[in-house]
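Data block below; observations after.
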Amino acid sequence: MRRHSAVILLAAGTLVLAAISLFVGVISLRPSEVFQDSKAFGLMLDSRLPRTLATVIAGAALAVCGMIMQMLVRNRFVEPITAGTGQGAALGILIVVLLFPGASILVKMSIATATALFSSIGFLLIVRRLPPAQPLLVPLVAMIYGGIIGAGVTFVAYQWDMLQYIDTWLNGDFSGVMRGRYELLWIAALMTALTYVIADQFAIAGLGREASINLGLNYDQVMILGLLAISVVAALTVITVGAIPFVGLIVPNIISRRFGDNLRATLPLTALCGASLVLVSDIIGRVIRAPYEIPVGTVLGVLGALVFLWLLYARPRNAG
């Protein structure tokens with residue numbers, strides 16, 4: 001009952017935040033004007049609604065994929081955007097821009113997904129060689145690994161005078177989201193929904209390779225499916241709105257501390273909490289220096305660091 005109540009409360013909170021997001025912006029817009037003024041209706045349809053939907057989808061997808069990655073790696077302090085997957089997606093975009101500047105968005109998405117997947121596999125191979133008795137090495141290696149890939153992307157971009165262009169992909173920002181420029185995120189939403197279908201298999205894979213195989217699970221297949229879902233979500237998020245850090249790190253930890261590790265039961269909570277967190281960050285970024293905006297990636301960098309410190313030092317509560 002407690003978990004069901006939390007789902008209802010989070011869903012209601014997400015709806016309230018989404019409604020606020022629709023009417024926050026440089027141009028003043030009241031609910032009564034939407035259906036009375038054609039310009040107001042056009043603004044809502046072309047800008048405000050796509051931005052809010054993109055924020056909800058990106059937040060929910062990144063939070064869910066963060067929980068999946070933590071389950072596969074068996075460590076609570078990793079997430080796709082800072083563990084090499086997001087940087088791998090940025091590398092794919094850089095490759096497309098340098099080698100195939102006239103490529104379609106589908107080609108860009110495919111190459112970014114492929115490089116993100118290879119980056120994720122590389123991180124997983126490194127993690128497997130770390131001593132299990134020292135779990136704090138995993139997030140440390142994740143930051144170094146992602147930093148190396150990110151540094152390589154920045155170096156190449158600098159050589160080709162593309163630093164400003166790459167910075168756009170490495171710092172999440174919803175200010176450029178409009179109708180016709182965010183629809184790829186619906187694929188990320190679909191991949192997120194599919195992870196719920198096989199959530200039990202991810203939970204079993206989280207027990208480790210030997211235990212999973214003994215329970216009859218095709219361990220390698222589940223790992224590839226999980227990494228593919230994570231890579232697609234990371235690539236589409238980076239392509240559409242840029243890299244958004246910390247969502248896949250702090251949200252799964254908050255949910256697991258409060259409600260336990262039943263993956264199928266907690267994934268809806270994780271998605272709603274991720275959507276709410278990104279909505280709050282985006283709203284803060286729009287109002288704190290209005291009419292100018294602070295990118296959501298910057299806001300989440302501050303909030304995420306504070307919450308991460310709290311997670312490190314707070315005593316977890318027993319989940320019921």
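Quick notes on this one:
- Meets criteria (within 26 Å of Val127 (Cα to Cα), β-branched (Val, Ile, Thr), out of contact with any helix residue (DSSP H, G or I) (no Cβ under 8 Å at 6 or more places or on another chain) and assigned to a helix (DSSP H, G or I)) for Ile204: no
- Residue count for the stretch 195-228, restricted to those that are in contact (Cβ under 8 Å) with a residue 12 or more places away in the chain and closer than 19 Å to Asp261 by Cβ: 17.
- The listed residue being in contact (Cβ under 8 Å) with a residue 12 or more places away in the chain, touching a Phe, Trp or Tyr at 6+ places or on another chain (Cβ under 7 Å), surrounded by 21 or more Cβ atoms within 10 Å (Cβ to Cβ) and of a type outside the set (Val, Ile, Thr), out of Gly297, Gly285, Gly248, Gly304: Gly304
- Check on Phe246, out of contact with any His (no Cβ under 7 Å at 6 or more places or on another chain), at pLDDT below 90, closer than 21 Å to Val56 by Cβ and not aliphatic (A, V, I, L, M): yes
- Any chance Ala142 is over 17 Å from Thr82 (Cβ atoms), touching a Phe, Trp or Tyr at 6+ places or on another chain (Cβ under 9 Å) and either in contact (Cβ under 8 Å) with a residue 12 or more places away in the chain or of a type in the set (Lys, Arg) (or both): no
- Residue within the stretch 24-36 that is of a type in the set (A, V, I, L, M, F, W, C), without any contact (Cβ under 8 Å) to a residue 12 or more places away in the chain and not in a helix (DSSP H, G or I) present: yes
- Residues that are surrounded by fewer than 19 Cβ atoms within 10 Å (Cβ to Cβ) and closer than 29 Å to Leu43 by Cβ within the stretch 190-221 comprise just one, Leu190.
- Contact map, the stretch 72-100: residues that are crowded, with 24+ Cβ neighbours inside 10 Å paired with residues that are outside any helix (DSSP H, G or I) and of a type in the set (D, E, K, R), Cβ distance under 9 Å, separation 6+ or inter-chain. Pairs shown: Thr85/Glu79; Gly86/Glu79.
- Ile149, sole failed condition from (1) among the aliphatic types (A, V, I, L, M); (2) out of contact with any helix residue (DSSP H, G or I) (no Cβ under 9 Å at 6 or more places or on another chain); (3) surrounded by 19 or more Cβ atoms within 10 Å (Cβ to Cβ): (2)
- Residue under evaluation Thr266, criteria (1) within 16 Å of Asp173 (Cα to Cα); (2) in contact (Cβ under 8 Å) with a residue 24 or more places away in the chain, criterion not met: (1)
The values are calculated or read from the model by the stated rules, or taken from the named source; none is laboratory data. Since the structure is predicted, the reported quantities are computational estimates derived from the model, not experimental observations. Here the Cβ is made from the backbone with ideal geometry for all residues, glycine too, and neighbour counts use every protein chain on show.
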